[in-house]
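The values are calculated or read from the model by the stated rules, or taken from the named source; none is laboratory data. Since we're looking at a predicted model, the values are computed, not measured. Here the Cβ positions follow ideal geometry from the backbone for every residue, glycine too, while neighbour counts run over all protein chains shown.
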């Protein structure tokens, strides 16, 4: 069984909730865990979960976002399921966060751009997740930036890679990129007041992290656990 855990995304300047990131979890032996292989989860299951979850949230938020890797982003079957879900949850906006995960399938920038145009026609936005880590370097993302709506800077990735000292310099750089391309910038992994103050000093208003709210299970109608 799969369910989404929700983590709030906030506009801290206005102290308002702008949306939720949907983090899929699997229930195994009575406990919720990260799935071992995200690509093995049937897309129709994910699309159904997105639809049922977002419908219950419709009067509370403007958007929901969830993660896909590059090969999933351009997969036609997945695209059709996502579009069907978007139609069901309108006027809530669906945001696809393309992660830095490496895949066996080579995906070109042109394929990404063409798919962005396709999703644009159906009101679905592209978010470039995990910027500055993995394959999502500036040089790799530069051709795609004009077509994105949002970028996300995940401080937890830098911590895991032992690059915590590099966060301030990299964050300033990506803030300048967001301003240049007129993109939303969401700062992820905010865990304490010092990090919240850093976001404030850099005039980053959109934040996500344990400091504002941990991911929590969102129960659907009929759930007994």
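In region 144-162, the residue that is surrounded by the fewest Cβ atoms within 10 Å (Cβ to Cβ) out of those that are touching a residue at least 12 places away in the same chain (Cβ under 8 Å) and farther than 19 Å from residue 98 by Cα is 161. Among the helices (runs of 4 or more DSSP H) confined to region 143-225, the ones with at least 1 residues that are closer than 13 Å to residue 131 by Cα are located at 155-160, 167-181.
The criterion of being over 25 Å from residue 124 (Cβ atoms), in contact with a helix residue (DSSP H, G or I) (Cβ under 9 Å, 6 or more places away or on another chain) and modelled with pLDDT of 95 or more does not hold for residue 185. Taken over region 121-143, residues that are without any contact (Cβ under 8 Å) to a residue 24 or more places away in the chain and either under 22 Å from residue 194 (Cβ atoms) or exposed (fewer than 14 other Cβ atoms within 10 Å of the Cβ) (or both) amount to 4.
Is it true that some residue in region 199-208 is closer than 23 Å to residue 161 by Cα, touching a helix residue (DSSP H, G or I) at 6+ places or on another chain (Cβ under 9 Å), in contact (Cβ under 8 Å) with a residue 60 or more places away in the chain and surrounded by 13 or more Cβ atoms within 10 Å (Cβ to Cβ)? There is at least one residue in region 199-208 that is closer than 23 Å to residue 161 by Cα, touching a helix residue (DSSP H, G or I) at 6+ places or on another chain (Cβ under 9 Å), in contact (Cβ under 8 Å) with a residue 60 or more places away in the chain and surrounded by 13 or more Cβ atoms within 10 Å (Cβ to Cβ). Could you list all residues from region 131-140 that are modelled with pLDDT of 95 or more and either within 14 Å of the chain's Cα centre (by Cα) or within 24 Å of residue 83 (Cα to Cα) (or both)? Result: 131, single match.
Considering only region 17-31, I want to know if a residue exists there that is at pLDDT below 90, under 16 Å from the mean Cα position of the chain (by Cα), surrounded by fewer than 20 Cβ atoms within 10 Å (Cβ to Cβ) and closer than 22 Å to residue 219 by Cβ. Quick ask: steps written out before the conclusion?
Filtering region 17-31 for residues at pLDDT below 90 gives none.
No, the conditions are met nowhere in region 17-31.
Any idea which of 80, 72, 46, 86 is free of Cβ contacts under 8 Å to residues at least 60 places away in the same chain, surrounded by fewer than 15 Cβ atoms within 10 Å (Cβ to Cβ) and either in contact with a strand residue (DSSP E or B) (Cβ under 6 Å, 6 or more places away or on another chain) or part of a helix (DSSP H, G or I) (or both)? Testing whether each residue is free of Cβ contacts under 8 Å to residues at least 60 places away in the same chain, surrounded by fewer than 15 Cβ atoms within 10 Å (Cβ to Cβ) and either in contact with a strand residue (DSSP E or B) (Cβ under 6 Å, 6 or more places away or on another chain) or part of a helix (DSSP H, G or I) (or both) leaves just 80. Considering region 171-188 alone, what residues qualify as being under 19 Å from the mean Cα position of the chain (by Cα), surrounded by fewer than 20 Cβ atoms within 10 Å (Cβ to Cβ) and over 23 Å from residue 119 (Cβ atoms)? The one that is under 19 Å from the mean Cα position of the chain (by Cα), surrounded by fewer than 20 Cβ atoms within 10 Å (Cβ to Cβ) and over 23 Å from residue 119 (Cβ atoms): 175.
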